[in-house]
Amino acid sequence: MSGDGLISVEEALARLLSGAVPLGSEDIALSRANGRVLARDLAAHRDQPPFPASAMDGYAVRAEDIAAPPAHLTVIGEAPAGHAFNGRVGPGEAVRIFTGAPVPEGADTILIQENATREGERVTALEAAAPGRFIRAAGLDFAQGEVLLAQGRRLGFRELALAAAMNHGSVSVHRKPKVAVLATGDELVAPGGDPAADQIIASNDTGLAAFVEDCGGEAIMLGIARDTHEALAERIRAAQAAGADILVTLGGASVGDHDLVQDALGNAGMDLSFWRIAMRPGKPLMAGRIDDMRVLGLPGNPVSSLVCALLFLKPLILALSGHPDAARPRREMLPLASPVPANDRREDYLRASLVFGDDGVERVQPFERQDSSMLATFARADALVVRPPHAEALEPGAPVPVLRLHRG
């Protein structure tokens, strides 16, 4: 902690994630499991493929019958996918077969149709095929009982396809964190409203709710609380009644006479973990707990709240969701496209665009204006340039740590 009471981003994140363990599990349909995290290992219910299957269209034959082409065989049946030929392939016989169909008993290779000619029920093999050629053995991909998806694995399109092939119609996943979002302030009016001359439109809660959903949480919109202890207390109780795992407040946590949020949370029994971070934007960040509900107080400036959500709220949601990578967002090093000045004692997060030079190298260019109220600038940003405390001035070409912003 610095002499002015500010703690570092690293310390704040460590405190926030301390004791953040995955929430309980629930069984859900596989069709609803995209993006969720497995609460238990997932083992295959069957072999894949469950039988020796043809990998090509052609004829199921005995390899010895076509060892010396041209060889003439009699077609005794057909095996489309999903319709096995139930007889046996004997000497001089063939079964017309299609990709994915079970290889009939007696056959040990596939004569692909490109290497055969047919007239009526007579097929001529133009090339030999070794035993096992173009046959997928039973269990080639995986075997029944094999654990293919481990607890803690996030389910994306590849994992869901695999789980389906393993014959799972439902999966056990960690519960989504419920995140209550509360905007505060007499100056705010909901989008689409009719603001007075001294009011503005609330935007943070809309953005934060979408951000929560993007991170895998379930957003609970609590609306706008006016600047009274009674209004704030009522919304805090509403968050608890809704079973919120996290309460995110927006604004009102600073030191002004009308910044009542911290007092209201204290009156509700909050155990304060920290307040005020050595970062820009986002200095008046606050965190604590009210019983089992975690509290994260974000700044009122729109860009400040969204940058803090990226750095703190997302890792917390991931940790409670059981995600294995619940750490600070990944950084990468990119060269600067323009100079940046020296930094002061606070860690700085500069909004920036990503550009390509004539040499094809991707570079990062911080915007000239970095005011934390400028949402239009933030919406144009591709990345945040991270400037450590007391960093020296840098010229174009110097590598800097960057956080990419994935725009929807």
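The values are calculated or read from the model by the stated rules, or taken from the named source; none is laboratory data. Keep in mind the model is a prediction, meaning the values are calculated, not measured. Positions of Cβ are generated from backbone atoms using ideal geometry, with glycine treated the same way; all protein chains shown enter the neighbour counts. Each accessible area value is taken on the protein alone, full model and side chains, heavy atoms only, with ligands, DNA and RNA left out. Shrake-Rupley method; radii C 1.70, N 1.55, O 1.52, S 1.80 Å.
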Notebook entry, point to check: Which ones in segment 376-392 are open to solvent by less than 60 Å² (accessible area, probe 1.4 Å) and either under 28 Å from the mean Cα position of the chain (by Cα) or farther than 21 Å from Ile277 by Cβ (or both)?
Noted result: Thr377, Phe378, Ala381, Asp382, Ala383, Leu384, Val385, Val386, Arg387, Pro388
Next item on the list: Any residue in segment 224-248 that's in contact (Cβ under 8 Å) with a residue 40 or more places away in the chain and open to solvent by less than 10 Å² (accessible area, probe 1.4 Å): show its pairings with residues that are among the acidic types (Asp, Glu) and in a helix (DSSP H, G or I) at Cβ separation under 8 Å, as long as the two are six or more apart or on different chains.
Entry: Ala225/Glu234
Next item on the list: Would you mind finding the one in Arg345, Arg407, Arg331 that is at pLDDT below 95, more than 30 Å from Leu182 (Cβ to Cβ), open to solvent by 20 Å² or more (accessible area, probe 1.4 Å) and under 27 Å from the mean Cα position of the chain (by Cα)?
Entry: Arg331
Notebook entry, point to check: Taking the stated definitions as given, is Glu26 farther than 30 Å from Met293 by Cα, surrounded by 13 or more Cβ atoms within 10 Å (Cβ to Cβ), touching a residue at least 12 places away in the same chain (Cβ under 8 Å) and among the acidic types (Asp, Glu)?
Noted result: no
Notebook entry, point to check: Leu306: open to solvent by 10 Å² or more (accessible area, probe 1.4 Å), closer than 30 Å to Asp245 by Cβ, aliphatic (A, V, I, L, M) and out of contact with any Phe, Trp or Tyr (no Cβ under 9 Å at 6 or more places or on another chain), yes or no?
Noted result: no
Note to self: When you scan segment 96-106, do you find a residue that is farther than 30 Å from Gly35 by Cβ, out of contact with any Gly (no Cβ under 9 Å at 6 or more places or on another chain), of a type in the set (D, E, K, R) and open to solvent by 40 Å² or more (accessible area, probe 1.4 Å), even just one?
What the structure shows: no
Next item on the list: Report, by residue number, each residue of segment 107-143 that is in a strand (DSSP E or B) and exposed (fewer than 14 other Cβ atoms within 10 Å of the Cβ).
Entry: Thr117, Glu119, Arg122
Margin query: Of all residues being out of contact with any Lys or Arg (no Cβ under 8 Å at 6 or more places or on another chain) and either of a type in the set (Val, Ile, Thr) or closer than 17 Å to Leu222 by Cα (or both) in segment 144-183, which is most open to solvent (accessible area, probe 1.4 Å)? Just the residue, please.
Written below: Val147
Margin query: Every residue in segment 184-202 that is of a type in the set (S, T, N, Q) and surrounded by fewer than 13 Cβ atoms within 10 Å (Cβ to Cβ), please.
Written below: none
Next item on the list: Please identify the pairs in which a residue from segment 94-106 that is more than 23 Å from Gly120 (Cβ to Cβ) has its Cβ atom under 7 Å from the Cβ atom of a residue that is open to solvent by 30 Å² or more (accessible area, probe 1.4 Å) and in a strand (DSSP E or B), counting only partners at least 6 apart or on another chain.
Entry: Val103/Ile135; Glu105/Arg88
Next item on the list: Go through (1) assigned to a loop (DSSP other than H, G, I, E, B); (2) among the charged types (D, E, K, R); (3) buried (at least 17 other Cβ atoms within 10 Å of the Cβ) one by one and return the number of the condition Asp65 breaks.
Entry: (1)
Margin query: Just to be sure before I move on: is Gly35 free of Cβ contacts under 8 Å to residues at least 40 places away in the same chain, farther than 30 Å from Ile110 by Cα and assigned to a loop (DSSP other than H, G, I, E, B) in the structure I sent?
Written below: no
Checklist line | So Ile317, is it within 18 Å of Pro22 (Cβ to Cβ) and either touching a Lys or Arg at 6+ places or on another chain (Cβ under 9 Å) or of a type in the set (A, V, I, L, M) (or both) | finding: yes
